[in-house]
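The structure appears right after this line, and notes come after that.
Every number in this text was worked out from the coordinates using simple rules, so none of it is lab data. Because the structure is predicted, anything quoted here is derived from the model rather than measured. Neighbour counts are summed over all protein chains in view; Cβ atoms, including those assigned to glycine, are modelled from backbone coordinates with ideal geometry.
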Amino acid sequence: MPLDNCKLVNFPVISDPRGNLTFIESGQHLPFEFKRVYYLYDVPGGSERGGHAHRNLSQVIIAMSGSFDVHLDDGRGKRSYHLNRSYYGLYICPMIWREIDNFSSGSVCMVLASDHFDESDYYRNHSEFLLAAKTLSPGR
């Protein structure tokens, strides 16, 4: 099941009395090399983000500050994650619909993406995504 490919990824933590340090190295801590980093912040209460899927792009979503919920849908099943720590992220493989909500005040959502922005890689209509997901083999 494609949802089983989506998982939490732990990052190294270096603890020190002055505070903790976490780092992510492309090709070391992720199942892909990342080419783009972006982040969401100042999200108004009650707002939702995401609402799309990618044909080929892989991503890791990290709660750098605060917390939020990520809801995943592969067209066959659904799963939700509550992200609230900066030392782990949620890996999302291609062909997974994602929605992000329940942002806490002051939250920052950082995303590491496997490629540069390409509008043609997006499914922005859930019905079109579901139709495409059904045409793929169960093991993808």
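Could you check, for region 28-35, whether at least one of its residues is part of a strand (DSSP E or B), over 17 Å from the mean Cα position of the chain (by Cα) and exposed (fewer than 15 other Cβ atoms within 10 Å of the Cβ)?
Of the residues in region 28-35, the ones part of a strand (DSSP E or B) are none.
No - not one qualifying residue is present in region 28-35.
Taking region 1-15 on its own, how many of its residues are without any contact (Cβ under 8 Å) to a residue 12 or more places away in the chain and of a type in the set (Val, Ile, Thr)? Steps first, please.
Residues of region 1-15 that are without any contact (Cβ under 8 Å) to a residue 12 or more places away in the chain, as a first pass: 4, 14-15.
Remaining after also requiring of a type in the set (Val, Ile, Thr): 14.
Going through region 1-15 one residue at a time, the tally reaches 1.
What are the pairs, 6+ residues apart or on separate chains, where a residue within region 16-27 that is over 13 Å from Tyr88 (Cα atoms) has its Cβ under 9 Å from a residue that is part of a strand (DSSP E or B) and among the β-branched types (Val, Ile, Thr)?
Once the first residue is over 13 Å from Tyr88 (Cα atoms) and sits in region 16-27, its partners that are part of a strand (DSSP E or B) and among the β-branched types (Val, Ile, Thr) give Asn20/Val13; Asn20/Ile14.
Among Glu48, Glu33, Glu25, which is the only one that is farther than 19 Å from Ser114 by Cβ and acidic (Asp, Glu)?
Every option except Glu48 fails the conditions.
Collect the residues in region 72-108 that are touching a Ser or Thr at 6+ places or on another chain (Cβ under 9 Å), under 21 Å from Asn56 (Cβ atoms) and not hydrophobic (A, V, I, L, M, F, W, C), keeping them in residue-number order.
Selection gives Tyr91, Pro94.
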